[in-house]
Structures are given as C-alpha cells and as structure tokens.
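First up is the structure itself, then whatever we jot down about it.
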Amino acid sequence: MTNLNLAASHDAFARAKQLMPGGVNSPARAFGAVGGEPVFIASAKGAQLFDIDGNAYLDYVGSWGPMILGHAYPPVVDAVRSAAVGGTSFGAPTVGENELASLIIECVPSVERVRLVNSGTEATMSALRLARGFTGRPLVVKFAGNYHGHVDSLLVAAGSAAATLGAPNSPGVTPRAAADTLVLPYNDPAALVAVFAEHGPQIAAVIFEPVCGNMGVVVPTKEFRDALATQTKQHGALLICDEVMTGFRLSLGGAQQLLGITPDLTTLGKIVGGGLPVGAYGGRSDVMAHVLPEGKVFQAGTLSGNPLATAAGATTLRTLRDEPPYARLDALGEQLQTGLDQAATAVGLPHHVARVGSMVTLFFVDEEVTSWDVAARCDTALFAKYFWAMLRRGVYLPCSQYEALFISAAHTESDIQRTIDAARESLAEVAG
Ligand code: PLP
C-alpha cells in the first residue's frame with residue numbers, strides 16, 4: 001500500500017482554515033465525516049483528478065454529480081471558451097437560454113416550461129414558493145434523509161452532510177421557518193396517507209428525491225411512488241420531484257422517466273449546468289404561469305441563464321441526447337456493484353451494495369437500506385477507514401457513508417476493475 005505525500009495539501013488547508021470557515025466553501029469537502037484533511041485539487045481530466053502534490057486519483061465524486069461526461073470534456077471546454085470571448089453576462093435575454101430551456105423541455109417528460117436559476121438550492125427554494133403561491137397553502141411534506149439544498153425550511157432531517165454532522169436542524173433555522181415542514185419516513189406510504197388525512201387542505205406540496213442519493217442510494221418502492229401520486233392528486237397538492245442529482249444521470253429524462261413518475265414540478269441542478277453553476281425548475285405550464293412576470297410569484301437572479309452556464313449546460317445535454325451513455329454507464333455500474341459485493345463478502349463484512357444506473361453506495365449494514373432509520377445503523381467508523389484505504393490506493397470516493405458514488409462516461413471497464421481490486425485490498429485491510 002502506497003503512502004500518499006499530501007504535504008502541499010496540508011499547507012494549503014492550514015491557510016484555507018484561516019481564510020474560510022473550516023477551510024472550505026461547502027462543508028462536505030472538509031472530509032469531516034471521515035476525519036483527516038482534504039486533498040486540494042489542481043486539475044482534472046476525464047475520470048481522473050490530480051492534486052497539488054502530484055498524486056492522481058480515479059474520481060467517483062464527479063464534483064458531487066455534474067461531471068457525467070468526465071472532467072474537461074473538450075466540447076464543453078470549447079463551448080465555455082467561445083462563450084466567454086463574447087462576454088460573460090449581460091443581464092438581458094439571450095438565445096443561449098432558449099437553447100438550454102428547450103433541451104430541458106425536450107428531455108424531461110413532465111417539464112412543459114422551465115426557469116433557469118444558479119443552483120439546486122435555488123431551484124428547490126423557488127419551486128416551494130411557487131407551490132405555495134399556486135395553491136395558497138402553507139405546508140410542505142419532505143422525507144427524512146432527503147436533502148434539497150440549504151433552504152431554511154428544508155434543512156430538517158436533511159441527510160448526507162447534515163446527517164453525518166449530527167446536526168439535522170441547523171442553528172439559524174428558526175422553529176417558525178421549520179414549522180411549515182412536515183417530515184415523514186421515506187418509503188412509508190401509510191405515513192403519507194395519515195399526514196394527508198390530518199393536514200390535507202393545508203398541504204401545498206410534497207418534495208422528494210425520486211431515487212435518494214443523500215443517505216446513500218435508496219430506491220423508492222412502487223407502493224411509495226403510487227402513494228405519492230395518488231395522495232397529492234386526491235388532495236390538490238403538487239408533487240415536486242427533486243431531480244437535482246438524478247436528472248440526466250439515471251436516464252436522459254431522469255428518475256421520473258426511468259420509474260414512470262409524473263410530477264407537477266421538477267427541480268434540476270448539477271448535470272444541467274455541465275459543471276457550471278446552474279439550476280432549473282419547471283413543470284406544468286399552468287403552474288409555471290404563476291412565476292413573475294407572467295404571474296405574481298417572485299423569483300429573480302442577476303446571473304441566471306448567463307452565457308457561460310447555458311453554453312456548458314446545452315453542450316452537455318446535447319451530447320447526452322445524441323450519444324446516450326446510459327446503457328454503458330449501467331453496465332459499468334453493474335460491474336462495480338458485483339465486484340464490491342464480492343469483495344465485501346470475501347472478507348465477511350456486513351454490507352449491502354445499492355445501485356441505480358451509475359449511482360452506487362456500499363453500505364456497511366447487513367440489510368437493504370430503505371429509509372433513514374436503516375441508514376443510520378451503518379458502521380460509519382468502518383466507512384472512514386475504508387475511505388482512506390481507497391484514497392491511498394488512488395481511488396477518490398465521496399467522503400461520507402451517506403453519499404452516492406458517481407460513474408462517468410469517461411470511466412472504462414479497466415478503471416472499474418482497478419477500483420474493485422483496490423476495494424478487495426482495502427476491505428481486507430479494514431476487516432482485519
Ligand atoms: N437537491 C438534491 C437532491 C441535491 O442532491 C442537492 C445537492 O446535493 C441539492 C438539491 C442542492 O443543490 P446545490 O448544492 O446545487 O444547491
């Protein structure tokens with residue numbers, strides 16, 4: 001096993017901590033859930049990351065999802081470069097916005113009209129405001145372990161970073177801001193029926209991850225999906241499918257296309273910007289008609305739909321549409337799932353490998369994970385050891401048990417085999 005030289009990363013992190021809280025601009029990057037210090041990245045190409053000490057890693061984070069085509073994908077780089085030459089932001093309409101909007105509408109089955117924003121958080125925040133404005137109702141239902149960005153009212157039982165830090169309710173989120181959010185267990189149709197029976201006329205929307213990635217990969221059951229559809233319809237609430245992570249990842253039309261879900265509104269982020277800051281929300285035309293200036297629900301953005309973001313996003317979506325990588329990503333995902341399962345079985349570690357397409361999680365728990373209650377039983381200390389054992393072998397995993405690992409179109413079968421070999425060694429090391 002190689003020992004990494006991380007001296008330059010260590011120095012950079014010491015400086016960063018003086019400059020930024022925790023030394024980072026987003027908490028998961030600080031490696032808090034696995035202990036130790038983060039690696040500082042210098043550059044990336046295809047499926048590889050290169051740190052500032054000169055180490056190379058096979059990357060399964062992909063900037064937490066966006067880089068489905070791999071890093072520095074030449075057509076995206078060219079599109080951004082040529083857009084930049086023409087000016088980076090005008091605060092006025094451009095045909096680039098038409099292009100990205102029409103691609104989203106073409107690809108995502110339930111989206112009839114769309115509004116571009118700058119992040120997934122903005123997308124979910126705006127979709128909730130729209131749902132409340134459209135229905136005139138105050139309450140929103142979310143599920144424990146689902147993360148929808150750092151919107152105050154959604155930062156309740158919010159999975160991934162918040163869950164691992166043991167602080168699902170952030171200081172600064174007032175009880176009043178959280179009071180209009182009802183939290184239910186994921187995959188529990190009876191709880192959904194009960195909440196609608198009690199609060200139905202007050203519920204504006206149900207927001208959910210259609211395949212959850214933020215407590216690790218968790219798949220919604222058919223019964224749960226059916227209850228979401230029938231309860232919202234029956235009670236006049238909107239169904240908001242948060243596809244910030246799954247959109248353009250699990251299929252061109254996202255999880256909703258894969259699983260046959262028809263939401264009223266969809267939120268998008270990550271891949272939709274091709275690695276630049278973009279989010280989007282869209283859906284039923286009659287609902288979207290309530291957004292300002294056509295309707296009265298306020299939502300705006302100085303840099304929304306800027307030329308760099310729309311160029312990167314449109315080039316990415318066009319590539320995914322014209323050369324769909326999904327069958328290949330699924331095959332690579334299956335290869336990895338089988339390999340990890342065999343590796344963990346060989347050393348007798350309790351585990352479950354969950355996967356949908358190119359999203360994979362090796363859970364250190366002895367049963368299928370269906371909800372946050374099960375996920376919370378995972379051996380996170382064991383995961384931390386496994387994470388570092390893999391990093392030392394040149395494999396860069398998401399730094400928490402409660403995340404999905406992402407495969408990109410730049411990964412090859414031999415990359416996956418190398419990863420399985422590293423996992424076999426790492427798991428033997430941590431089990432022993
Ligand atoms: N919704 C989901 C399902 C996400 O996974 C995330 C981020 O991971 C968000 C919303 C928030 O997106 P962003 O980080 O772009 O604000």
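The values are calculated or read from the model by the stated rules, or taken from the named source; none is laboratory data. Treat the numbers as computed from the prediction; the structure is a model and nothing was measured. All Cβ positions, glycine included, derive from the backbone under ideal geometry; neighbour counts span all protein chains shown.
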Study note, to complete from the structure: Residue pairs qualifying under the 6 Å Cβ cut-off, at least six apart or on distinct chains, with the first in region 257-268 being over 17 Å from L116 (Cα atoms) and the second being among the hydroxyl-bearing types (S, T, Y) and more than 13 Å from the ligand (Cβ to nearest atom), are Q257/S251; L258/S251; T262/S110; P263/S110
Review point. So, of the residues in region 69-128 that are more than 28 Å from T412 (Cα to Cα) and of a type in the set (D, E, K, R), which turns out to be nearest to the ligand (Cβ to nearest atom)?
Key: E122
Revision key, fill the gap. So, first residue closer than 17 Å to G216 by Cα and assigned to a helix (DSSP H, G or I) in region 128-150, second residue among the hydroxyl-bearing types (S, T, Y) and within 16 Å of the ligand (Cβ to nearest atom), Cβ within less than 8 Å, six or more apart or across chains; the pairs are none
Review point. Checking P75 against (1) over 12 Å from N306 (Cα atoms); (2) buried (at least 19 other Cβ atoms within 10 Å of the Cβ), which single condition isn't satisfied?
Key: (2)
Exercise for review: For region 129-138, enumerate the residues that are hydrophobic (A, V, I, L, M, F, W, C) and away from the ligand (no atom under 16 Å from the Cβ).
Suggested key: F134
Practice item. Test S89 against the criterion of being surrounded by 13 or more Cβ atoms within 10 Å (Cβ to Cβ) and within 17 Å of V395 (Cα to Cα), and give yes or no. Key: no
Study note, to complete from the structure: Taking region 286-330 and keeping only residues that are part of a helix (DSSP H, G or I), over 18 Å from V95 (Cβ atoms) and in contact (Cβ under 8 Å) with a residue 24 or more places away in the chain, one is left with V287, M288, T319, L320, R321, Y326, R328, L329, D330
Check your understanding: Out of G260, G273, G295, G236, which single residue is modelled with pLDDT of 95 or more and either within 15 Å of the ligand (Cβ to nearest atom) or in contact with a Phe, Trp or Tyr (Cβ under 8 Å, 6 or more places away or on another chain) (or both)?
Key -> G273
Check your understanding: Which one of these does A255 not meet: (1) touching a Leu at 6+ places or on another chain (Cβ under 8 Å); (2) part of a helix (DSSP H, G or I)?
Key -> (1)
Exercise for review: Could you list, in sequence order, all residues of region 395-420 that are in contact with a Ser or Thr (Cβ under 8 Å, 6 or more places away or on another chain), of a type outside the set (F, W, Y) and part of a loop (DSSP other than H, G, I, E, B)?
Suggested key: S400, Q401, E403, A404, I407, S408
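If you go through region 376-408 one residue at a time, how many are within 23 Å of E209 (Cα to Cα) and out of contact with any Cys (no Cβ under 9 Å at 6 or more places or on another chain)? Give the derivation first.
If we filter region 376-408 for residues that are within 23 Å of E209 (Cα to Cα), which is where we start, we get 376-378, 380, 397-408.
Filter once more, so that each one left must be out of contact with any Cys (no Cβ under 9 Å at 6 or more places or on another chain): 376-378, 380, 397-400, 403, 405-408.
Selection size over region 376-408: 13.
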Point to revise | Matching entry among A346, A381, A376, A404 (being aliphatic (A, V, I, L, M), within 27 Å of G274 (Cβ to Cβ) and not assigned by TED's automatic domain parsing to the domain that holds V218) | key: A404
Exercise for review: Name every residue in region 174-220 that is more than 16 Å from the ligand (Cβ to nearest atom) and under 19 Å from L155 (Cβ atoms), in order of residue number.
Suggested key: T174, P175, R176, A177, A178, A179, D180, L182, L184, P185, A204
Revision key, fill the gap. The one condition M245 fails out of (1) under 18 Å from A191 (Cα atoms); (2) within 16 Å of the ligand (Cβ to nearest atom) is (1)
Revision key, fill the gap. When region 271-285 is checked residue by residue, the ones that are part of a helix (DSSP H, G or I) and either surrounded by 19 or more Cβ atoms within 10 Å (Cβ to Cβ) or charged (D, E, K, R) (or both) are I271, V272, G273
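Please find, among A162, A178, A157, the residue that is modelled with pLDDT under 95 and either touching an Asp or Glu at 6+ places or on another chain (Cβ under 8 Å) or closer than 25 Å to G333 by Cβ (or both).
Sole residue among the options that is modelled with pLDDT under 95 and either touching an Asp or Glu at 6+ places or on another chain (Cβ under 8 Å) or closer than 25 Å to G333 by Cβ (or both): A178.
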Review point. Looking at A190, A205, which one is in the same structural domain as H150 (by TED's automatic domain parsing) and either of a type outside the set (A, V, I, L, M) or not in a helix (DSSP H, G or I) (or both)?
Key: A205
